[in-house]
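Below is one structure, written out as structure tokens, with a few remarks after it.
The values are calculated or read from the model by the stated rules, or taken from the named source; none is laboratory data. This one's a predicted model, so the numbers in the text were calculated from it and none came from an experiment. Here Cβ is always computed from backbone atoms with ideal geometry, including for glycine, and neighbour counts include all displayed protein chains. Surface accessibility is based on the protein's heavy atoms, side chains included, excluding ligands, DNA and RNA. Shrake-Rupley method; radii C 1.70, N 1.55, O 1.52, S 1.80 Å.
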Amino acid sequence: LVTDGGEVASSDVTSNRVGIFAASNITISDTNVNNNGGQGIIVWSENVEVSVDISNFQISGNGYGQASPKIPNADFYTVPKVGITVESPVGCNVMINGVTSKDNEGNGIAMKCVEKAVVVMKDTVASNNRGDVGIGTLTAQHCNVNFDGVTSNANEGRGIAIGCRKDAYIKMKDIEASNNQGDVGIGLGFVQAVAIVDLEGTITSSENEQVGMAVVTYVDSNVVLNVKGNVNLAKNGGEPAPDSFSSGSGFGVFISGALDIVVEEGGSFQSCGNEDNAFDIEGYVSNLRGTLTWAGDFTCDPDKVQLQGGSQPNCLPCPGALVN
């Protein structure tokens, strides 16, 4: 199905070379996009902002004709994206609600929106996809991302990856990213960005093969991570990591900018029972190219905090069952 815009509703899009291709704006609801040989849904433009509203359907088993070799820790847009792809150099407005993207040969849901990205994702699942990421969005300039009730489990790559430049606001509420095989369960990356990240509800990133959650700040970024809910990073690790973080750390940070981590009243941040470090801080903290501050109480194994300079978090002891 090829369209330059419009609405697709109550359909079965099955056994095509490509499921649905849209050149600008599209609304898709109550539609199954399954077992297509290439990509399930592509929304792509070279020169206009695209708008996508996708709700209440399943996309699965696509890309059986496009299996590609894995590129270790590649940016998620460098290999075929087989579940849902949204891409425009101008920007994207994306609403995804009540969607399951599973068992695809590539990424579950991937967005590359160069100038800006406005992404709202609610009650959405990405699982058992065989690309570099379950759910990923990358933008070069302006980010506004709101994930609520999002699960990304058992993917061959990363669970959730969000990358932003310039200015960014990210809100994540009731998120689970577990049992993923890539280098991180939840990864947030910033370049020359002023960013606020609010973590609300329950955020769980556990039993991933490498790092539970990571924040990377490059080139004078200034990032504030507000922990308003309950963050639980547990039992990550098991595979050697090809990058700088210890392979089984709960929370990894690479800093060449500023990162403030604030646990607000009523919030909690627990990193316990991980294969390697509870907190693994790499980068340029020690030679003053970056700064790191902690506010509030954290829960971790106190002897499993690896810092290259910077201040030490105030760590309460882990529950007995999670001490590693």
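Annotations
- Only one of the numbered conditions (1) free of Cβ contacts under 8 Å to residues at least 60 places away in the same chain; (2) farther than 30 Å from S88 by Cα is not met by V150, and that is (2).
- Residue that is modelled with the highest pLDDT, among those in the range 279-310 that are among the polar types (S, T, N, Q) and open to solvent by 50 Å² or more (accessible area, probe 1.4 Å): T293
- The condition (being over 22 Å from F251 (Cβ atoms) and open to solvent by less than 10 Å² (accessible area, probe 1.4 Å)) is satisfied by just one residue among G131, G149, G136: G131.
- Single unsatisfied condition, N107 versus (1) in contact (Cβ under 8 Å) with a residue 60 or more places away in the chain; (2) closer than 25 Å to V48 by Cα; (3) in a loop (DSSP other than H, G, I, E, B): (1)
- Qualifying residue in the range 175-196 (condition: touching a Leu at 6+ places or on another chain (Cβ under 9 Å) and open to solvent by 10 Å² or more (accessible area, probe 1.4 Å)): yes
- Among the residues making up the range 25-60, those that are small (G, A, S) and under 21 Å from the mean Cα position of the chain (by Cα) are G40, S51, S55, S60.
- Considering V94, V50, V99, V86, the condition of being among the β-branched types (V, I, T), at pLDDT 90 or above and within 21 Å of N179 (Cβ to Cβ) is satisfied by V99 alone.
- A single entry from G149, G163, G185 fulfils the requirement of being closer than 25 Å to E275 by Cα, modelled with pLDDT of 90 or more and not in a loop (DSSP other than H, G, I, E, B): G185.
- Residue ID - farthest from A168 (Cα to Cα), chosen from residues in the range 250-268 that are part of a strand (DSSP E or B) and not aliphatic (A, V, I, L, M): S268
- Meets criteria (open to solvent by 20 Å² or more (accessible area, probe 1.4 Å), part of a strand (DSSP E or B) and in contact (Cβ under 8 Å) with a residue 24 or more places away in the chain) for G212: no
- The set of residues from the range 39-66 being surrounded by fewer than 22 Cβ atoms within 10 Å (Cβ to Cβ) and in a loop (DSSP other than H, G, I, E, B) comprises S45, E46, N47, V48, E49, G61, Y64, G65, Q66.
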